[in-house]
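S.K.: Can you read through this structure? Questions will come right after.
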Amino acid sequence: MDTRINEAVDLFQEVLIYGTERVIKSVDHPLWREYSPEQIQMLKLIDKETQVTSTRLAVLQAVHKSAISSRIKKLLQKEVIQVVQTTDRREKLLELTTKGQALILELDQVLTDYIGKLMSENIADEEIDQFLTIFRKLKKIIKMDGV
């Protein structure tokens, strides 16, 4: 295999892992203290999926269903998600509440401000355009695989 692909995969993973860590350590906002990174990720996934089962969340977060159940319980208590009954009584879907939607907007703004500052200070405009082009392609390829 092309060594550039290996390097690209390694770099992508490192940016995800260490980028998340840096954001968590660097962003000083009350919401980052009130919600764990795993809870924030779950809220983002529910937002992207609109309605989602706990099983799907376990797959997307790559954790056991018991870990998901604990996160769901805490987010239900904070009234940022709610359970939606479907025609199949066994299936329960989760969705954001109005409070959860407002929370996501605020979290997104905090993250956008932080990453935007990092990028504007360290990355040229044409490099940002290249980044967008590549990530749009990757998203399209991944979505085609039914993820």
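Computed from the coordinates by the stated procedures, all read-outs in this text should not be read as laboratory data. Just so you know, these numbers come straight off a predicted model, no measurement behind them. Here the Cβ positions follow ideal geometry from the backbone for every residue, glycine too, while neighbour counts run over all protein chains shown.
S.K.: Estimate the FRET efficiency between Asp125 and Glu95 by the formula 1/(1 + (r/R0)^6), using the beta-carbon distance for r and 35 Å for R0, to the nearest 0.05.
M.R.: 0.40
S.K.: Taking 8 Å as the Cα distance limit and 6 or more residues as the minimum spacing, I'd like the relative contact order of the chain as a percentage.
M.R.: 20 percent
S.K.: Within the chain, which DSSP H helices have Cα atoms that stretch 20 Å or more along the helix axis and a mean Kyte-Doolittle hydropathy of at least 0.0?
M.R.: For the chain, where a helix must reach 20 Å along its axis and average at least 0.0, the hits are 3-26.
S.K.: Pick the calculated Rg/Rh (Cα atoms, Kirkwood Rh) for this structure from (i) 1.03; (ii) 0.94; (iii) 1.00?
M.R.: (iii)
S.K.: So if R0 is 22 Å, what FRET efficiency would Lys48 and Gln77 give, r being the distance between their Cβ atoms, rounded to the nearest 0.05?
M.R.: The computed FRET efficiency comes out at 0.45.
S.K.: If Lys and Arg each add +1 and Asp and Glu each add -1, what is the summed charge of the other residues whose beta carbon sits under 14 Å from the beta carbon of Leu132?
M.R.: Counting the neighbours of Leu132, the net charge comes to 0.
S.K.: Quickly work out the Glu106-to-Val23 label distance, labels modelled 7 Å from Cα along the C-beta direction, and quote it in nm with one decimal.
M.R.: Modelled inter-label distance: 1.8 nm.
S.K.: Another question about this same structure. Arranged from highest to lowest average of other beta-carbon atoms within 10 Å per residue, in what order do the peptides 70-77, 115-122 appear?
M.R.: Ranking, from highest mean packing down: 70-77, 115-122.
S.K.: Got a sec? Charge dipole of the chain, +1 on Cβ for Lys and Arg, -1 for Asp and Glu; which of Val9, Leu105, Ser66 is way out at the positive end?
M.R.: Value: Ser66.
S.K.: Hey, what D do you get for segment 62-106 in µm²/s if you plug the Kirkwood alpha-carbon radius into Stokes-Einstein at 25 °C and 0.890 mPa s?
M.R.: 214 µm²/s
S.K.: Something else now. Kindly rank 88-97, 41-50 from highest to lowest mean number of other beta carbons found within 10 Å of each residue.
M.R.: 41-50, 88-97
S.K.: Still on this structure: Using the Cβ atoms and a cut-off under 12 Å, what net charge is assigned to the surroundings of Arg56, where Lys and Arg are +1 and Asp and Glu are -1?
M.R.: With Lys, Arg at +1 and Asp, Glu at -1, the net is +1.
S.K.: Starting from the Cα of Lys65, draw a straight line to each of the lysines and keep only those under 29 Å, dropping any in the same chain fewer than 8 residues away.
M.R.: Lys25, Lys44, Lys48, Lys73, Lys74, Lys78, Lys92, Lys99, Lys139, Lys140, Lys143
S.K.: How far is it, in nm, from the label point at Val63 to the one at Thr87 when both lie 7 Å from their Cα along the line to the Cβ?
M.R.: With each label placed 7 Å out from Cα toward Cβ, I get 3.4 nm.
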